[in-house]
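Below you'll find the structure I mean.
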Amino acid sequence: MASDSVRAVAALGGELVTYTPFGGTAMTFKAIVDRQPAQVQGSYTVNQLEVWIPNDSADGVKSIQVRKDKMAFKKNLSDSQVSEFTVQKILQEDAGLATDGGMFRVMVQS
């Protein structure tokens, strides 16, 4: 049976992402991608997005290695191809309830 966080992501319209842990095997599951406008840092544009990932061993991840783990999904919903992103920072880690692992909110960058 799916955890509460996995069911919440599905109910909120999560999309399929491919997550590749450093030195591990890629897995596909649903996450919530919060697409924000490109931001200018210095003299170049940076694409930083926030992603909500279930803390779930079957349909999410149980741990994250910052600046090592990768994710692939469409940068814009209208794109025909996926882009690869690197997890830059864990913004929030929710412990969840006794029956649920909670959620990770991470910042990724292409």
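The values are calculated or read from the model by the stated rules, or taken from the named source; none is laboratory data. Please read these numbers as outputs of a predicted model, since none were measured by experiment. All Cβ positions, even for glycine, are placed from backbone atoms using ideal geometry, and neighbour counts span all protein chains on display.
Those residues that are modelled with pLDDT under 95 and either closer than 14 Å to residue 34 by Cα or of a type in the set (D, E, K, R) (or both), I need them from the range 58-73; list them, please.
Hits for the range 58-73 are 59, 62.
Does the range 36-45 include one or more residues that are in contact with a Lys or Arg (Cβ under 6 Å, 6 or more places away or on another chain) and either of a type in the set (Gly, Ala, Ser) or at pLDDT 95 or above (or both)? Reasoning before the result, please.
Pass one, the range 36-45, residues in contact with a Lys or Arg (Cβ under 6 Å, 6 or more places away or on another chain): none.
Looking for residues that are in contact with a Lys or Arg (Cβ under 6 Å, 6 or more places away or on another chain) and either of a type in the set (Gly, Ala, Ser) or at pLDDT 95 or above (or both), one finds none in the range 36-45, hence no.
Next up: Any idea which residue in the range 74-94 is modelled with the lowest pLDDT, counting only those that are under 11 Å from residue 49 (Cα atoms) and of a type outside the set (Lys, Arg)?
In this case the residue turns out to be 76.
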